[in-house]
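The values are calculated or read from the model by the stated rules, or taken from the named source; none is laboratory data. Here the structure is a predicted model, which means the values were calculated and not measured. Counting neighbours? That spans all protein chains shown, and the Cβs are built from the backbone with ideal geometry, glycine included.
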Amino acid sequence: MERLDKILANTGRWSRKEVRELVRAGRVTVNGVPARSPEEKWDPAARFEVDGAAISGERLVYLMLHKPAGLVSATDDPRQPTVLELLPDYLRRVGLFPAGRLDKDTEGLLLLTNDGALAHRLLAPRRHVDKTYFVRVDGQLDGSDTAAFAAGMTLGDGLVCMPAGLEVLEQADTAIVTLREGKYHQIKRMLACRGKPVRYLKRLTMGPLTLDPSLERGEWRPLTEVELAAVRATAGI
């Protein structure tokens, strides 16, 4: 049980002083009943509304972002814009970070959360969570590339890559790549080793999550309850 003003201030939308003013103005309800005092204590899982709009009192946040090119997957960077700059201020104040990274010029699915325990378990190398990508290359992909990916590759710099999937699409300069690990610039390095450098890369899935086709580049939404349950199960939580 926590104080109402603390619960609502933890969402990042208001300061405690602003919450107290909202409560005194009769603009806050808890489980459908007007709040009487900012000091009253509630379970953060209760149903909170401000001006009739539902507000989650839970501290943990999970967002699906359609990352555009040109942004770095970081919480802060003094030289380059980050993915957090796509979010409203109240979400930038609750400690969100990317669970895993996409290169600056790579687009697609990115999970943003402030749940460090889940992110750590989800990204642990021993879990080998599958991730799929759409890729376009210079050159034509063929069965020899698929076989090389399936066998596992050792790159010229000594990087050993686990077996991976490469499904060549109808246009032979495009493919779906499936990785079970996420080493630095891995797909680009693997395809460069095959003499077919990457021109475009987009992540489509991460474990049980699939990029919502309704999200335009730069748009985001909270995970659904079904998605979150699947992510937690994948992380072993």
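Looking for something assigned by TED's automatic domain parsing to the domain that holds A175, farther than 17 Å from R180 by Cβ and modelled with pLDDT under 95 - is there at least one such residue anywhere in the range 147-157? The answer is yes, given that some residue of the range 147-157 is assigned by TED's automatic domain parsing to the domain that holds A175, farther than 17 Å from R180 by Cβ and modelled with pLDDT under 95. Which pairs have Cβ atoms under 6 Å, sit 6 or more apart or on different chains, and link a residue in the range 23-38 that is more than 12 Å from D5 (Cα to Cα) to one that is surrounded by 15 or more Cβ atoms within 10 Å (Cβ to Cβ) and β-branched (V, I, T)? Listed pairs, sorted by first residue: R27/V50.
On inspection, R101 passes the criterion of being at pLDDT below 95, of a type in the set (D, E, K, R) and surrounded by 14 or more Cβ atoms within 10 Å (Cβ to Cβ). Taking the criterion of being among the hydroxyl-bearing types (S, T, Y) and under 21 Å from D103 (Cβ atoms), the residues of the range 144-199 that qualify are T174, T178, Y184. Within the option set L102, L84, L63, being closer than 30 Å to Y200 by Cα and part of a helix (DSSP H, G or I) holds for one residue only, L84.
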